[in-house]
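All remarks here apply to the structure that follows.
The values are calculated or read from the model by the stated rules, or taken from the named source; none is laboratory data. Quick caveat, the model's predicted, so the values are computed rather than measured. Cβ atoms come from the backbone with ideal geometry, glycine included; neighbour counts cover every protein chain shown.
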Amino acid sequence: MRIRWRSSRRTRLWERLGEVGVLLLAWGVRMYRLDAQPVWLDEAFSVWMASHVPRDVVFWTRTIDQHPPLYYLLLHGWMKVWGDTEWAIRFFSLVGGWLAVAVGMAVAREVGGRRLMFMSGVWLALSSFAVWYAQEARMYAWVLCAVGISLWGGVRLWRNPEDRVALVALVVGSALAAWLHNVALLFPALVFPAVAFRLGRQRFKWVLGMGGLFLGLWGIWLPALVGQSQGVWHRFWVPSLSLYHVAVTGITCVCPYFPVPLVGGVCTLLWGVLSLWGGWHMLRDERLRARGGLLLVLAALVAPGVVVIISVVRPILVARVLIWIILPVTVLSAWGSLRLPGKGRWILVGVLVSAQILSLYGYFTRFHKEAWDEVAAYVARHALPHERILFEAGWVQLPFDYYFRAYNLPLEEHGLPADPFVTGELEPPFRVSDIPRLNRLIAGEQRVWVVLSHVPYTDPHHLVEKTLRSRLRCQEHRFGDIRLLSCYPR
């Protein structure tokens, strides 16, 4: 008995060390080159929103954004302590992304034990998609964490309907996710009915309490959500649904920036098949169904289907809005690998882990954000005080100003078709009726600087550039996808 006890203790020690190792791996990968890339448009928008007082954060979120205000409010408090450098604003997301790995491991352990937890943890730690958004100053890493908390509560409640801690985790996690991203509402919309069915009629009061608590925590945002949804329905940048778009979305969720795109697509297909295999075995295994396996399958498969159905009418399918499904999908994939017969399972696992490592390599070496630091530096070197600089679209002024503020050079800045947020529309299109204002802005100037970025969405007919070149002599400077024009009278 003593030998068995020591062996068991040694096994538990190695298991603990393995868990700590996975978490350290996740932390190290997410810390690597955290501030190596410049802040891009969406990140600058996060900083701009979070720089306001909380009341104004809520106002601007309701008025011009398509997201709830919680992330901006949290970032506001974070920036008051740590500032708004690239490292500081991204470290906030890193914390959420790392906690998501820990919570995902906890979910896997609740369902399938330590082997499943370790396998899921390794894949989550190396997920290039998860690392990408753990290094992005946006809300998506925290959405992943919040849904993980809710999913942990759901699987525990599935196994033990008397677990009140699990009930609180399910509801509070869902409410946090809904306050972080509107599409995350799909999670409680799908999971709550399933859990309610599991609890049964005997716990009807629990079901009512669960719904009431969620509405109490989140319901105040419902009117704003209706208004935001109307804006998205009227005009949104996501392309129309197609098989190609669905395939690209899947590859982005699994192997973005893989050095060979075709091989990355094959690995994504293998990952999907492995997830379906794992889900099938979870549904077949009565013990795993009772431990929350059915809930994982619902969370992994139904939500993407709902988003695709919605996108048939109003396209909203973007990989990052479904980032939270990588938690249940990863657990299902890990279980599928463990259910493969023979030693072939480890060959497949090795192939998929290698694919993730290569995808991470591609992310760190080939992925480049918008070079607003270079644009600002160039203008600061060549512009004269009080010259006029125009931005098309208007809100790209935000990332430019993020870097240009360091040079303390007074320039007269204007957005096209209007100054940022004057119209109450985040990305207003440039129309023919806006040309007279553009002509007034360039009239009588010895030199006008014009920044062109995100033009296909706001000015698909290139009215700004055509107007400028018809009246002025323009020199073009390129910084990746950003174009800078310096225009002089003919």
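Of the residues contained in segment 438-445, none is found to be under 19 Å from Ser486 (Cα atoms), touching a Ser or Thr at 6+ places or on another chain (Cβ under 7 Å) and either of a type in the set (Phe, Trp, Tyr) or assigned to a strand (DSSP E or B) (or both).
In this structure, is Leu70 under 30 Å from Phe421 (Cβ atoms), in contact with a Ser or Thr (Cβ under 8 Å, 6 or more places away or on another chain) and surrounded by 16 or more Cβ atoms within 10 Å (Cβ to Cβ)? Talk me through it step by step, then tell me what you get.
Numbers: under 30 Å from Phe421 (Cβ atoms): yes; in contact with a Ser or Thr (Cβ under 8 Å, 6 or more places away or on another chain): no; surrounded by 16 or more Cβ atoms within 10 Å (Cβ to Cβ): yes.
The answer is no for Leu70.
The single condition among (1) under 18 Å from Glu136 (Cα atoms); (2) touching a residue at least 40 places away in the same chain (Cβ under 8 Å); (3) surrounded by 20 or more Cβ atoms within 10 Å (Cβ to Cβ) that Asp42 does not satisfy is (3).
Regarding segment 106-120, can at least one residue be identified that is of a type in the set (Val, Ile, Thr) and in contact with a Lys or Arg (Cβ under 6 Å, 6 or more places away or on another chain)? The answer is yes; a qualifying residue exists.
Is at least one residue of segment 265-288 acidic (Asp, Glu), assigned to a helix (DSSP H, G or I), closer than 30 Å to Pro161 by Cα and in the same structural domain as Ala194 (by TED's automatic domain parsing)?
Within segment 265-288, one or more residues are acidic (Asp, Glu), assigned to a helix (DSSP H, G or I), closer than 30 Å to Pro161 by Cα and in the same structural domain as Ala194 (by TED's automatic domain parsing).
Look at (1) at pLDDT 90 or above; (2) on the phi < 0 side of the Ramachandran plot and you find that Arg490 fails only one, number (1). Can you find a residue that is modelled with pLDDT under 90 and either among the aromatic types (Phe, Trp, Tyr) or in contact with a Pro (Cβ under 7 Å, 6 or more places away or on another chain) (or both) anywhere in segment 307-319? The answer is yes; a qualifying residue exists. Give the residues of segment 372-395 that are closer than 24 Å to Phe430 by Cα, small (Gly, Ala, Ser) and not in a helix (DSSP H, G or I), sorted by residue number. The one that is closer than 24 Å to Phe430 by Cα, small (Gly, Ala, Ser) and not in a helix (DSSP H, G or I): Ala393. Checked against (1) surrounded by fewer than 20 Cβ atoms within 10 Å (Cβ to Cβ); (2) under 30 Å from Trp87 (Cα atoms), Glu136 passes all but a single condition, namely (1). Checked against (1) part of a helix (DSSP H, G or I); (2) modelled with pLDDT of 95 or more, Arg138 meets all criteria but (1). For Val143, the conditions (1) outside any helix (DSSP H, G or I); (2) touching a residue at least 24 places away in the same chain (Cβ under 8 Å) all hold with the exception of (1). Scanning segment 420-451 for residues that are touching an Asp or Glu at 6+ places or on another chain (Cβ under 9 Å), in contact (Cβ under 8 Å) with a residue 60 or more places away in the chain and under 29 Å from His382 (Cα atoms) returns Arg447, Val448, Trp449, Val450, Val451.
How about segment 42-71: which of its residues are assigned to a helix (DSSP H, G or I) and within 14 Å of the chain's Cα centre (by Cα)? Working first, answer last.
Keep residues of segment 42-71 that are assigned to a helix (DSSP H, G or I), which gives 42-50, 54-64, 70-71.
Hits for segment 42-71 are Asp42, Glu43, Ser46, Tyr71.
Can we say Leu317 is assigned to a loop (DSSP other than H, G, I, E, B) and either closer than 24 Å to Leu199 by Cα or in contact (Cβ under 8 Å) with a residue 40 or more places away in the chain (or both)? Criteria met by Leu317.
Given the residues Leu360, Leu340, which is the only one that is in contact with a helix residue (DSSP H, G or I) (Cβ under 8 Å, 6 or more places away or on another chain), in a loop (DSSP other than H, G, I, E, B) and under 30 Å from Ala106 (Cβ atoms)? Full working, then the answer.
Numbers: Leu360 fails: in a loop (DSSP other than H, G, I, E, B).
One residue alone meets the criteria, Leu340.
Annotation for segment 327-336: at least one member residue is over 28 Å from His181 (Cα atoms), modelled with pLDDT of 90 or more and assigned by TED's automatic domain parsing to the domain that holds Arg115.
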